[in-house]
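Student: Pasting in a structure now, in structure tokens, and then I'll have a few things to ask.
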Amino acid sequence: MTTSPISAGFTDPTTTESEPGRYWTTANIGEATPDVLSPLCWSFWGPTMEAGGRLAYCDFGILSRRELAVPTDPNQLLTAHFFGRPAMNIDFLRPLFGTMPGVTADDFERDICGRVRPGLPAERRLRRLPVILAKAPVAMARTPGRLRAMHADQQAWWQREVRDRTAMGDPRVRLVDAADRFRTAFHIHVTGRFGLMAVQGKLTKLATSANAGDLLMPLLTGLGGIAETALADDLWEASRGRLSIDEFVRRHGFHGPFEGNLTGRAWREDPTPVAKLLDALGTRPDSERPREREAANTAQRSAAVTALLGRLPAWRRRSASRACAALVRATQYNELGKAGYLMALDGGRAAARDLGRLLVDGGELDEVDDVFYFTLDELRDGLPVDARGLVAFRRSRREEYRRFEMPVTFTGTPTPIVRDLQVEADADVVVAGAAGAAGSVEGPARVVLDPDDDLEPGEVLVCRFTDPSWTPVMMIAAGLVIDIGGPASHGAIVARELGVPCVIGTNDGTARIRTGDLVRLDGTAGTVTVLKRGETS
């Protein structure tokens, strides 16, 4: 894997360079890794994820077995890294999706980026079509069972070896095992993601053909059985004293702030963020219980399905009904896949900190979390010469990258800029994004960059990204504005299930909206209007 030499004797694996003209996006994957990656985080999200992703593409026949090897050229990777942030290689991936029946290159770009660049070629390549037609149906048929089995295995492993700590061994061995489990989970998760993308694309086309674009958002809502709804409902029960915090953490403790980064703190390590939310939820009316919201949304979706079938010709209704049912299953499996790889990450987090304690006790490192500034190979094979100097160098680079603003989409190697925190002073600013969850709301905005920060009931939450650790905060919000993601991203899915109006993919909402601004959010139109500037920022 290519690394970028930045200082004599030291390298930084978390950044590389792109050839000019290549199109990248931090959308979708950016919400999975919210903080700047450390070198150990990169080991999971770089070569390990790349290997797992390529296995999924091979399952469907999109890539051949000889293409499973991870290239050294970053321009030929599914995902490369710039200034500690992963970015998907859209120009490399579009032609691959152009080979798949039922999915177009435009479907892929829309799903990931929230929109499609105008004037692009259709990217229909038929060379591998016979292989795909033979392998894809088998992969699709096997995926639900594989996802359920993987999730059950990961859950049992996490409970045994991470939560309960009943199988302690060499932390280096456990760290490598966690990376292997992450690769496997991500491999199966990507196969499920293909199914979700295909069925969403089919429903979009059906709704468009029936002149039923108004039904698309209700069709994507009220799917039921989403993992984050169970998390939210358990938190609700804890706020009523019907579930202890300890039991909540036993069930969901692999989540936590910045959970996509190994450097984050899981709730099993620090349950303080959970306890902070209980008082706020305890005052909410029973009608806002997540299961109650889910039931109401499910009823609305049932009506939308009936309305769609009524607008379609008889010969298309059976196919449409199957697609509507398939969307429910595909979304549920997508969330199972995500939970599976998050448990693997938490296993890596636990093993890394155990190894860090050993290295501190042995006098090789100064702080436990210094361990995150080495790659997996460096930890497995023995620390490099001048380990402390390497930690200092890589830590300083990571802090520097945190000051950079990364565009959601970019061409070539992005030019890093320090984020401009100045926003327009006038009201009537309109921030545009994609429709994430239907509904309109007016209220004061609060820009939140860390899910540990406080949010008052009735406020519109404005954030860069969401992951499952944000679910409790989203339960309190009157509306949701997210910089990164698209309609199929985690934030939009959970917002729809919780019945929270959402605009997603604004790119710069957190820069243009200030805490205290009075805003009107239209989740159906995908717009946020600043009605009155607040006095505080």
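Student: When you look at Arg193, is it among the basic types (Lys, Arg) and on the phi > 0 side of the Ramachandran plot, yes or no?
Tutor: no
Student: For region 499-527, how many residues are among the hydrophobic types (A, V, I, L, M, F, W, C) and surrounded by fewer than 24 Cβ atoms within 10 Å (Cβ to Cβ)?
Tutor: 3
Student: Next question. Within region 200-225, count every residue that is assigned to a helix (DSSP H, G or I) and under 19 Å from the mean Cα position of the chain (by Cα). Write out each step before concluding.
Tutor: Step one: filter region 200-225 for residues assigned to a helix (DSSP H, G or I), giving 200-209, 213-219.
With under 19 Å from the mean Cα position of the chain (by Cα) added as a condition, the list becomes 200.
Adding up the residues that qualify gives 1.
Student: Let me ask something else. Within region 168-196, can you find the residues that are crowded, with 21+ Cβ neighbours inside 10 Å and among the aliphatic types (A, V, I, L, M)?
Tutor: Leu175, Ala178, Ala179, Ala185, Ile188, Val190, Leu196
Student: Considering only residues of region 129-167 that are over 25 Å from Ala227 (Cβ atoms) and surrounded by 11 or more Cβ atoms within 10 Å (Cβ to Cβ), which is modelled with the lowest pLDDT?
Tutor: Leu129
Student: Restricting to region 352-381, give me the number of residues that are of a type in the set (Val, Ile, Thr) and more than 17 Å from Phe393 (Cα to Cα).
Tutor: Going through region 352-381 one residue at a time, the tally reaches 1.
Student: Assuming Thr415 fulfils every condition listed in (1) assigned to a loop (DSSP other than H, G, I, E, B); (2) farther than 22 Å from Ser43 by Cβ; (3) in contact with a Pro (Cβ under 9 Å, 6 or more places away or on another chain) apart from one, which condition is it?
Tutor: Only one criterion in (1) assigned to a loop (DSSP other than H, G, I, E, B); (2) farther than 22 Å from Ser43 by Cβ; (3) in contact with a Pro (Cβ under 9 Å, 6 or more places away or on another chain) is unmet by Thr415, namely (3).
Results for (1) touching a Cys at 6+ places or on another chain (Cβ under 7 Å); (2) farther than 27 Å from Ala152 by Cα; (3) at pLDDT 95 or above, shown as yes or no for each residue.
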| site | (1), (2), (3) |
| --- | --- |
| Phe254 | no, no, yes |
| Ala339 | no, no, no |
| Leu345 | no, no, yes |
| Ala351 | no, no, yes |
| Leu358 | no, yes, yes |
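Student: Taking the criterion of being more than 22 Å from Asp180 (Cα to Cα), modelled with pLDDT of 95 or more and among the hydrophobic types (A, V, I, L, M, F, W, C), would at least one residue in region 44-65 satisfy it?
Tutor: No.
Student: Quick check on this structure: which one of Phe82, Phe108 is modelled with pLDDT of 90 or more, surrounded by 22 or more Cβ atoms within 10 Å (Cβ to Cβ) and touching a Phe, Trp or Tyr at 6+ places or on another chain (Cβ under 9 Å)?
Tutor: The unique qualifying residue is Phe82.
Student: From Asp454, Asp508, grab the single residue that is modelled with pLDDT under 95, closer than 18 Å to Ile112 by Cα and of a type in the set (Asp, Glu).
Tutor: Details: Asp454 fails: closer than 18 Å to Ile112 by Cα.
Answer to the selection: Asp508.
Student: So Glu228 passes all but one of these: (1) within 30 Å of Val371 (Cα to Cα); (2) in a helix (DSSP H, G or I); (3) acidic (Asp, Glu); (4) within 22 Å of the chain's Cα centre (by Cα). Which condition number does it fail?
Tutor: (1)
Student: Going by the conditions given, is Thr409 more than 18 Å from Pro34 (Cα to Cα) and under 30 Å from the mean Cα position of the chain (by Cα)? Steps first, answer last, please.
Tutor: Values: more than 18 Å from Pro34 (Cα to Cα): no; under 30 Å from the mean Cα position of the chain (by Cα): yes.
Criteria not met by Thr409.
Student: Strands (runs of 3 or more DSSP E) wholly in region 1-84 with at least 1 residues that are outside the structural domain of Phe374 (by TED's automatic domain parsing) - which ones?
Tutor: In region 1-84, 4-7, 10-12 are the strands (runs of 3 or more DSSP E) which contain 1 or more residues that are outside the structural domain of Phe374 (by TED's automatic domain parsing).
Student: Shifting gears a bit: Scanning for something closer than 20 Å to Glu335 by Cα, among the hydroxyl-bearing types (Ser, Thr, Tyr) and not assigned by TED's automatic domain parsing to the domain that holds Leu355, does region 226-246 turn up at least one residue?
Tutor: yes
Student: Give the residues of region 231-250 that are closer than 30 Å to Val371 by Cβ and buried (at least 16 other Cβ atoms within 10 Å of the Cβ), sorted by residue number. Walk me through it before giving the result.
Tutor: Filtering region 231-250 down to residues closer than 30 Å to Val371 by Cβ leaves 231, 245-246, 248-250.
Leu231, Phe248, Val249 - these are the residues of region 231-250 that are closer than 30 Å to Val371 by Cβ and buried (at least 16 other Cβ atoms within 10 Å of the Cβ).
Student: Does Thr409 qualify as being of a type in the set (Ser, Thr, Tyr), modelled with pLDDT under 95 and surrounded by 13 or more Cβ atoms within 10 Å (Cβ to Cβ)?
Tutor: Spelling it out, Thr409 is indeed of a type in the set (Ser, Thr, Tyr), modelled with pLDDT under 95 and surrounded by 13 or more Cβ atoms within 10 Å (Cβ to Cβ).
Student: In region 420-537, which strands (runs of 3 or more DSSP E) lie fully inside it and hold 1 or more residues that are more than 18 Å from the chain's Cα centre (by Cα)?
Tutor: Where strands (runs of 3 or more DSSP E) fall fully within region 420-537 and carry at least 1 residues being more than 18 Å from the chain's Cα centre (by Cα), they are 429-432, 440-447, 460-463, 479-482, 518-522, 527-532.
Student: Just checking, which of Ser440, Ser396 is of a type in the set (Ser, Thr, Tyr) and not assigned by TED's automatic domain parsing to the domain that holds Gly84?
Tutor: Result: Ser440 is the single residue among Ser440, Ser396 that is of a type in the set (Ser, Thr, Tyr) and not assigned by TED's automatic domain parsing to the domain that holds Gly84.
Student: Could you look through region 356-387, keep only residues that are outside any helix (DSSP H, G or I) and in contact with a Leu (Cβ under 9 Å, 6 or more places away or on another chain), and pick out the one that is nearest to Ala179 (Cα to Cα)?
Tutor: Thr375
The values are calculated or read from the model by the stated rules, or taken from the named source; none is laboratory data. Since the model is a prediction, treat every value here as computed from it, not as a measurement. Glycine also receives a Cβ, built like all others from the backbone with ideal geometry; neighbour counts cover every protein chain displayed.
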